[in-house]
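Derivation of every value follows stated rules applied to the coordinates shown; laboratory data play no part. All values derive from a computational prediction rather than experimental measurement. Every residue, glycine among them, receives a Cβ derived from its backbone with ideal geometry; neighbour counts consider all protein chains shown.
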Amino acid sequence: MIIGIIGAMVEEITPLLERLKHYESKNIGGNTYYEVKIGGHTIYIAYSKIGKVHAALTCSTMILHFQCEKIIFSGVAGGLSPDLHIGDLILGSKLCQYDVDITAFGHPLGFIPESRVFIESDETLNAIAHRVAQNQHINLKEGIIASGDLFIADSGKKQWIIQHFGASAVEMEGAAVAVVCDLLKVPFCILRSISDSADGKADVNFDEFLESSAKRSADFVMMMIDQILEKK
Ligand code: SAH
């Protein structure tokens, strides 16, 4: 099996590379893809750089160039729902682009013709995540993740996203990965650990908790990889 793991920032994939140690690197389109062989399986790991466009390029490259059969995103996010605290893990049940707005033509917020507002992640991968969480006694939440090319550090903007999309967490890449995987028919899941609460303190919290939250997410993804490869 060939699996792709994507982070947005280097901090989000460093814990994975530290664990896996032996890898080869390949450069494509301004990104480095780390190739790791485990038994007869191959894992590609890369950070895309921040934002939906970069994530879409990395995800497309993982699938079309490296033939990845499953995509897992691991990283950090701003918590929107009050029951999500810094360090908590959330799995995206479905993803949306809250910054897409062609409502001037009568379309709903977040909607693009020939696409849809919400894109569901893969049930099988999500079930594996829940099994890992159960085995490890980790409290894994699941909810809508909203993506856009903005760092949300404002309670008003945060409330707007909750109100219009019912989202539990906000970040800047997940929906791009969802769109690419959906169109190319590759199962994906989006795992995020909360680094901040998308409010007035988000920038300070983000800087403080990026590393620890990114590691929590990466450690969890490694346990998922063990499960996925064990079964094959
Ligand atoms: N400090 C960085 C910028 C971080 S942008 C720098 O100066 O380079 C935030 C990153 O973490 C994005 O990849 C996004 O997916 C995620 N993220 C975490 N909290 C977020 C929030 N409150 N709003 C949007 N994205 C957030």
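A few notes on this one:
- Descending semi-axes in Å of region 6-54, equivalent ellipsoid built from Cα gyration tensor: 20, 12, 9
- Ranking of 138, 119 by count of other Cβ atoms within 10 Å, fewest first: 138, 119
- Entries in 26/157; 26/201; 26/52; 21/94 that, when Cα-Cα distance is taken, lie over 31 Å: 26/157; 26/201; 21/94
- The distance from the alpha carbon centre of region 51-107 to that of region 166-188 is 4 Å, rounded to a whole number.
- Computed packing ranks the peptides 151-161, 23-33, 50-60 as 50-60, 151-161, 23-33, most packed first, by mean other Cβ atoms within 10 Å.
- Estimated distance in nm for a label pair at residue 102 and residue 114, the labels positioned 7 Å out from Cα along Cα-to-Cβ: 1.0
- For the peptides 126-137, 71-82, 9-20, 167-178, residues were scored by their other Cβ atoms within 10 Å and the scores averaged per peptide; the highest-first order is 167-178, 71-82, 9-20, 126-137.
- Size of region 2-230: Rg and Dmax of its alpha carbons, in Å, are 16.4, 53.
- Max-minus-min Cα coordinates of region 1-91 on each principal axis give 42, 28, 21 Å, with the largest extent listed first.
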